[in-house]
1. Collect the residues in the stretch A:345-364 that are assigned to a loop (DSSP other than H, G, I, E, B) and either more than 7 Å from chain B (Cβ to nearest Cβ) or touching a Phe, Trp or Tyr at 6+ places or on another chain (Cβ under 6 Å) (or both), keeping them in residue-number order.
2. I need the full set of residues from the stretch B:279-300 which are within 20 Å of B:Gly176 (Cβ to Cβ) and buried (at least 23 other Cβ atoms within 10 Å of the Cβ), in order please.
3. Only residues in the stretch A:190-214 that are closer than 18 Å to A:Gly176 by Cα count as the first member; pair them with residues that are assigned to a strand (DSSP E or B) and basic (Lys, Arg), Cβ under 7 angstrom, at least 6 apart or cross-chain, and list the lot.
4. All but one of (1) open to solvent by less than 60 Å² (accessible area, probe 1.4 Å); (2) within 14 Å of chain A (Cβ to nearest Cβ); (3) modelled with pLDDT under 95; (4) out of contact with any Phe, Trp or Tyr (no Cβ under 8 Å at 6 or more places or on another chain) hold for B:Arg375, so report the exception by its number.
5. Would you call B:Val367 facing chain A (nearest Cβ under 9 Å) and in contact with a Phe, Trp or Tyr (Cβ under 7 Å, 6 or more places away or on another chain)?
6. Taking the stated definitions as given, is A:Lys303 of a type in the set (Lys, Arg), assigned to a loop (DSSP other than H, G, I, E, B), out of contact with any Leu (no Cβ under 6 Å at 6 or more places or on another chain) and open to solvent by 60 Å² or more (accessible area, probe 1.4 Å)?
7. Taking into account only those residues within the stretch B:108-143 that are in contact with a Lys or Arg (Cβ under 7 Å, 6 or more places away or on another chain) and either of a type outside the set (A, V, I, L, M) or more than 30 Å from B:Ala307 (Cβ to Cβ) (or both), which is most open to solvent (accessible area, probe 1.4 Å)?
8. Taking the condition more than 24 Å from A:Gly110 (Cα to Cα) and either in contact with a Ser or Thr (Cβ under 8 Å, 6 or more places away or on another chain) or outside the structural domain of A:Ala108 (by TED's automatic domain parsing) (or both), does A:Leu304 pass?
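The values are calculated or read from the model by the stated rules, or taken from the named source; none is laboratory data. In this text the structure is predicted, and so the values were computed from the model without any measurement. So basically every Cβ, Gly included, is an ideal-geometry build from the backbone, and we count neighbours across all protein chains shown. With ligands, DNA and RNA removed, areas are computed over all heavy atoms of the protein, side chains included. Shrake-Rupley method; radii C 1.70, N 1.55, O 1.52, S 1.80 Å.
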2 protein chains.
Amino acid sequence: MFAAARYPERMHLDQPLDRFYAVIPAGGVGSRLWPLSRADAPKFLHDLTGSGQTLLKDTWDRLAPLSGDQRIMVVTGRAHRAAVEAQLPGLSDANIVLESEPRDSTAAIGLAAAILERREPGVIIGSFAADHVISGETLFRSAVAEAVAAADAGYIATIGITPTEPAVGFGYIECGDALAIDGAEHAEAVSSFVEKPDLDTARRYLADGKHLWNAGMFIARADQLLAEIARNKPELHAGLIELAAAWDDPATRGPAVDRIWPRLEKIAIDYSVAEPAAAAGRLAVIRGHFAWDDVGDFASLAKLNTAGRSGELAILGEHARVLADASSGIVVSRSKRVISLIGVHDIVVVDTPDALLVTTSEHAQRVKAVVDALRLGGSSDVL
Amino acid sequence: MFAAARYPERMHLDQPLDRFYAVIPAGGVGSRLWPLSRADAPKFLHDLTGSGQTLLKDTWDRLAPLSGDQRIMVVTGRAHRAAVEAQLPGLSDANIVLESEPRDSTAAIGLAAAILERREPGVIIGSFAADHVISGETLFRSAVAEAVAAADAGYIATIGITPTEPAVGFGYIECGDALAIDGAEHAEAVSSFVEKPDLDTARRYLADGKHLWNAGMFIARADQLLAEIARNKPELHAGLIELAAAWDDPATRGPAVDRIWPRLEKIAIDYSVAEPAAAAGRLAVIRGHFAWDDVGDFASLAKLNTAGRSGELAILGEHARVLADASSGIVVSRSKRVISLIGVHDIVVVDTPDALLVTTSEHAQRVKAVVDALRLGGSSDVL
């Protein structure tokens, strides 16, 4: 099934997965992970799992067996070009799309779709965030393979994560009827996308078995995805098509980017594509049974790195010198300083050369507000 | 009464205070204030009150109006000579006594007493720690003046602090009968010295009005103090006398120090002088009504710098860049890093270039154990 990955010279064979092209939008600072994540060192450029490599490289390594490493496109900010290329030596020039400024996910993924559809009509693209953590590669690959089959059948497909707890930090996908799709035996229709719930609602979702976590994974034929954008955001669609037409000619790309990109509407693909497609019955979901986390804040990072065991202290950092007594939570060390903790529980300590954060898991979501306050307060040097 | 301070050329006049010589033992790292206090930057070399100067200089400034600045002797470690001299430009070479290694307070104060008694028989010395915090200068000076009068009458005098709360971190002095001493109207006999009590005992001490905090201030005629050491620790006394005899000749001091100092018994003056003198009825105490703190740990430092108001956050550090949200306790900043606190209460954060401490007021006493662990663990570079 994954033999395709071994053939860099690819042909259009009969299998939908042979038409699969992975897209990695690598954007977003991850403000809730400040001061670890910064404008110049966003979340996807960090090793948050102790794997020894960045989340971006983890994402690449997860997708390459599915698509082949010649068939992964990365969309990122101009400022991150060098860092991304250093992380991904297999990434060709043709497969890096640089944003002059962030225009949200519809523009990022839609441009990739438009470029790839021009290069290879009928291509099936799958978009996967650069900064999520997944374990269970085999389960991941089989879910993607089913999603690709659903995409080949004309659906906008997504992979929803089977919840393991009543999480309030994620959006949810409500499943509808089973769909009969060849090669996607577990596909179900999506009734709706729902925003982050309160705890009672999350408990109900967990119990009813009909709700999955929205992991922001979208798999579709590029032409179908573009058609969905065209239906809902025609101006944005027109801009993307015009930009893609100019993209592969060095003489026309630059002027087109300068003219079109800054005026594209900023809108998340959840609103421009997923919700309207779900409402129209064009969205299919595959249940993912692998472990997934968007590592949205330090509470999530702590849980991830203690395997959810409370009372433990997770330590992240290559040169960490931590001496802890009767303490739990997480220490992220990006300096070589000695860090001593005494009697602090569920603590979050993030130690970087120019900024230090001390909070608790309970307050981890409020880090973003601090970042905003620092920006307003003239401390952008540490953001 | 304090006019003497204005006459650097002093004569033996009729007032006991004219024979007063202040001694400041400046030793002790202050391990419980790590990583602020270090072997090479002990507690007395820090500004812990936001006064803009070190505790040592505060101590000097407090004593100079009593003794005159030509009559203050500082006993400190060789390693601190330059720092002490930089802090105290008024300190003459003859008035700095350098220890080749720490031998505890009897050796430090006893040597000062022996040197000064040789230079000026009949001198009254008063020893005051270099790293305590006092406010209420007038009350302090009147207590010292009474203690000097009691010393002149032949007592070993101390100043006990009227307790304001049931502190368990201090030793206590139990007062006995009133003494009739000219110039020391409030002097009382000392029944005993008692070690740090538990909370119930401390509450009883606070209620009974007979117990004062032992602030380690001893005022006595140098010959009486030496006689007390001779009674209880004759070998130590003999060593001090021999060392003092060699002290003021550059040819003999060095060899005498090398021969004698390392073999002097290490014992606190509380045990060699104060307790036996109290038992023998030779110890008088004056009640000090000024505010005093030995700033023994970060809980004490936090209380001192928030004026005891809980729920507030004290920030110490010249270049502190602290952004705090719903947090209380203390931040000590010795770096220029941005420090952000969110939702942490009674927190202690001490940020230095090579070491960081995060604990709470409740656990502040345990910092010493961490210092011991770091020493054993091979991290002496940050001690």
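1. Filtering the stretch A:345-364 down to residues assigned to a loop (DSSP other than H, G, I, E, B) leaves A:345-346, A:352-354.
Answer for the stretch A:345-364, where residues must be assigned to a loop (DSSP other than H, G, I, E, B) and either more than 7 Å from chain B (Cβ to nearest Cβ) or touching a Phe, Trp or Tyr at 6+ places or on another chain (Cβ under 6 Å) (or both): A:His345, A:Asp346, A:Thr352, A:Pro353.
2. B:Leu283, B:Ala284, B:Val285, B:Ile286, B:Gly288
3. A:Leu212/A:Arg287
4. (1)
5. yes
6. no
7. Residue satisfying both the conditions and the ranking: B:Glu137.
8. Taking the combined requirement at face value, the residue satisfies it.
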